[in-house]
Amino acid sequence: MKGSRKTIQFVLLIIIVAAGIGATFYYLEWGKPGITLDKPFDTVGKSRDVTITLSDNRSGIRSYSVAVVQGGQSRIVAEEVLPSKGNLEKVLPLKIVPKDLRLKDGEAVFSVKVTDFSPLKNTTLYEAKITIDSIPPRIALLSSAHNVNPGGTCLAVYRISKPVLSSGVKCGDAFFPGYLVQGTGRPYYVCYFAVPRDVSRTTAMTVTAADRAGNEASTGIPFYIRSNRPFRKDTVNLGDAFVQQKAVEFQEQESSLAGKTPTEVFAYVNGTLRAANDAKIRSVCAKTDGKRLWQGTFIRMKNSAPKAMFGDERTYLYQGVSLGNSVHLGVDLASLAQSPVEAANAGTVIFADVLGIYGNCVIIDHGQGVSSLYGHLSSLAVKEGDQVARGQVIGNSGATGFAGGDHLHFSVLVGGVFVDPKEWWDPHWIKDNVDKKLAIAGTL
């Protein structure tokens, strides 16, 4: 009995001690609070927005301080001592303004310190080296002649005083990235950008640049509009055979069109599908090489006659009723049925598949945002990833997609935006608007 009693007492003692230790550990809380930044950074320009989340799931947050340390001095951005427990999370949206903190350009340390309500006052310290940089980049425009046509292409050549995170041209509502060219002399940037079809003297054209610190700069591009010719307007009368045939073809491709009338299918193809195809093309063309892959004028399909031009504004009529409008964003070239189609210039195939209204389609990247598109092909002779030479056969003309007869739909795109191909077929335009600008930049 005595042995049993001692055993029981020993077990109880162990339980009491364990409980005491457990209570002590629970009460003291060894876990440290957390610090999370929405976007870690290593540079600060004129200002920097940052959101810091502080957390402690046990006793809560007791106090915190956010500071920038430079030259042995701590500049407080935010600090607080909380009056009571229960603040398990604290979200701090902050703006760091070096001028207000009397910070100089140069190295510094960004510091965040948080302490919890545990009797141990568990503390977490986050520190990161940063650079204060309040000097914006300077942009020097090297190209001087910017003669533009509505719907055409323009090339801006410029140099920037410091490394930047991004640069390019803002033209109208669109932005076109610039590409760094090392060359044999001083590095410079080139930016091919699309001129709006409705360009006017009030159209904004500016080179912009932003460095790692968020400092931004811009400079205007002086330009001269060479032509203000109106684009052609055309009414296309659709026959029963075409509307019925295309309705069947697209219903086979998209199950959602089952049971729709031919006119409903046409409206969908000309509206929803066309917009989806344009978005897909922009996405594909974003996969561009930073180097120029092309040389010389672009090749036009041999022995072909133009059937529709770039910028043609079309109204579709069927049985006297309008089925919608569209703008033709390329040149239709017709020759003999299933004629060979050649790559307009050297580059990399970035798409070779069926693409909605364009049917069997090939898109070639020529580098630095320039690409070419070949639509309605009857067959493809290349695949995605292939390197093609200027004049290499990539397929044959056809009537796939939204085409009423055998032809090639040829487009040129800059930054994913359709531009007038005629300029790229013109050796004089290439010489005056590309080659001369690059030659001058290489000597400056």
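Around Glu423, under 11 Å between beta carbons, what's the net of Lys plus Arg minus Asp minus Glu among the other residues? Combined, the nearby Lys, Arg, Asp and Glu give -1. Label the range 334-375 by shape, choosing from rounded, prolate and oblate, from the square roots a ≥ b ≥ c of the eigenvalues of the Cα gyration tensor; if a/c is under 1.5 it is rounded, and otherwise prolate applies when a/b is larger than b/c, oblate when it is not. Note, shape of the range 334-375 comes out oblate. Partner lysines whose Cα lies under 23 Å from the Cα of Lys307, excluding those fewer than 8 positions away in the same chain, are identified as Lys233, Lys246, Lys422.
The mean sequence separation of alpha-carbon pairs under 8 Å and at least six residues apart, normalised by the residue count of the chain, gives a relative contact order of 12 percent. The protection proxy used here, the mean number of other Cβ atoms lying within 10 Å of each residue, ranks peptides 249-262, 348-361, 299-312 as follows, highest first: 348-361, 299-312, 249-262.
Which links in Lys39/Lys95; Lys291/Lys437; Lys104/Lys129; Lys32/Lys113; Lys170/Lys436; Lys170/Lys431 stretch past 20 Å when you go from one Cα to the other? Provide the component values of the computation, followed by the final result.
Values: Lys39/Lys95 13 Å; Lys291/Lys437 16 Å; Lys104/Lys129 15 Å; Lys32/Lys113 11 Å; Lys170/Lys436 23 Å; Lys170/Lys431 24 Å.
Pairs exceeding the cut-off: Lys170/Lys436; Lys170/Lys431.
So, with a 1.4 angstrom probe, what is the percent of accessible area on the range 319-444 that is carbon and sulfur? Whole-percent figure for carbon plus sulfur exposure: 55.
Axis angle, to the nearest 10 degrees, between helix 2-28 and the longest C-alpha principal axis of the chain: 50 degrees. Computed with a 1.4 Å probe over protein heavy atoms only, the accessible area of Asp406 comes to about 50 Å². For the range 425-444 versus the range 323-379, the inter-centroid distance based on Cα atoms is 26 Å.
Report the net charge of residues surrounding Gly152, where surrounding means a beta-carbon distance below 10 angstrom and charges are Lys +1, Arg +1, Asp -1, Glu -1. Each step should come with its number before you reach the end.
Working: positive: Arg197, Arg226, Lys422; negative: Asp420, Glu423.
Residues close to Gly152 contribute a combined charge of +1.
A simple spin-label model places pseudo-atoms 7 Å from Cα toward Cβ; at Asp353 and Ala279 they are separated by 1.6 nm. Under 13 Å of direct C-alpha separation, and excluding same-chain neighbours fewer than eight residues apart, Lys121 reaches these aspartates and glutamates: Glu29, Asp56. Per residue, the range 271-314 exposes 52 Å² of solvent-accessible protein surface, assessed with a 1.4 angstrom probe and all protein chains in place.
The values are calculated or read from the model by the stated rules, or taken from the named source; none is laboratory data. Bear in mind the structure is a predicted one, so any value in this text is a computation, not a measurement. When we count neighbours, we look across all protein chains shown, and the Cβ atoms used for this are built from the backbone with ideal geometry, even at glycine. Only protein heavy atoms, including side chains, enter the accessible area calculation; ligands, DNA and RNA are left aside. Shrake-Rupley method; radii C 1.70, N 1.55, O 1.52, S 1.80 Å.
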